[in-house]
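To start, the structure under review is shown below, and the notes come after it.
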Amino acid sequence: MDTLYKVEIQNFETILKLPNYWDKQKYKELLEVLEYGDTAEIPDAELKDMCYMAIADNEPGEAAKLVLGYVFHDRLNSGQIDNLSNEIQEEKMWEEYAEIGYHEDFFNTGQILYEAFNGKFPLPEAVEFEVKITSDKLQDLLVDDKISEAALIRLLAHGMPENTLINRLFTEQLSSESFVEAENIIWQMKTEVQSDNSALVTVISSKYFFQDLKYVESFEATTHNDEEVEEED
């Protein structure tokens, strides 16, 4: 008999930026891309504001091209960046781009452009929420005291409507033994084991995939790890 896990959704909120991405080093590197000049004398507390001003000194399309070039320099060619510099002014590329593995970085790109241009770019919205998972078989699910992205998404999918995006796009992966897209769907995740039968998981991801959890309180469901994760245990 499959194990039922009790799931409780807690502290669900919309966020407009991701923690731990744009930092002092990235601001300095982006200022160099923007040809600001010598950044050595800029106080750390002023790096963000100087970077935003340097971005806004450009036309939106050119600014988008420069930021995209910095973030995706090793993954997108110049032609792709040219096209995307136009698209990102109107479209939420962190939801619409075909390669899910790029969504998190499109969000970070959109976030800095949105703020630098005072809302002229699409509003970047992500979600952060906590998932409390309880079961007397919890330890069977954890790998190195962590729940995998694949197992968590399979669990959460049961709490959302049948026509929710994840259920529609990943029907096969939810029921199979391989869900390689899971690590890209969830952008940041932290597992805190509270006891032998309880864990609290903090999740940051796209509102696009998890907005239907906003009004969910609790449910019970089954889940499983990918075969590859189980073999590594």
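No value in this document is a laboratory result; all are computed from the given coordinates. Treat the numbers as computed from the prediction; the structure is a model and nothing was measured. Cβ placement follows ideal geometry from the backbone for every residue including glycine, while neighbour counts extend to all protein chains displayed.
Calculate one ³J(HN,Hα) per residue across region 72-80 by plugging θ = phi - 60° into the Karplus curve 6.51 cos²θ - 1.76 cosθ + 1.60, and present them in order as whole Hz with x for glycine and proline.
Along region 72-80, the couplings run 10, 4, 9, 10, 10, 8, 4, x, 5 Hz.
Given the options G101, L47, G69, identify the residue whose Cα lies farthest towards the positive end of the charge dipole of region 24-116 (+1 on Cβ of Lys, Arg; -1 on Cβ of Asp, Glu).
Farthest towards the positive end: G101.
Residue-wise, which Karplus ³J(HN,Hα) couplings in Hz belong to region 109-122, taking 6.51 cos²θ - 1.76 cosθ + 1.60, θ = phi - 60°, and x for glycine or proline?
Rounded to whole hertz, the list is 5, x, 5, 6, 5, 4, 6, 5, 9, 6, x, 6, 9, x.
Quick one: Cα centre-to-centre distance for region 54-101 and region 166-233, in angstrom?
About 29 Å separates the Cα centre of region 54-101 from the one of region 166-233.
With every atom except the alpha carbons ignored, what do you get for Rg and Dmax of the chain, in angstroms?
Final numbers for Rg and Dmax: 20.0, 65 Å.
With each label point set 7 Å from Cα along the Cα-Cβ vector, what nm distance links A98 and D74?
2.4
Take each of the peptides 153-166, 207-220, 104-117, 35-48, average the number of other beta-carbon atoms within 10 Å over its residues, and list them starting from the highest.
104-117, 153-166, 207-220, 35-48
Using θ = phi - 60° and the Karplus form 6.51 cos²θ - 1.76 cosθ + 1.60, what ³J(HN,Hα) does each residue of region 179-194 get, whole Hz, x for Gly and Pro?
9, 5, 6, 4, 5, 8, 5, 8, 7, 9, 8, 9, 9, 10, 6, 8
In debye to the nearest 20, how big a dipole does the chain give about its Cα centre with +1 on each Lys and Arg Cβ and -1 on each Asp and Glu Cβ?
720
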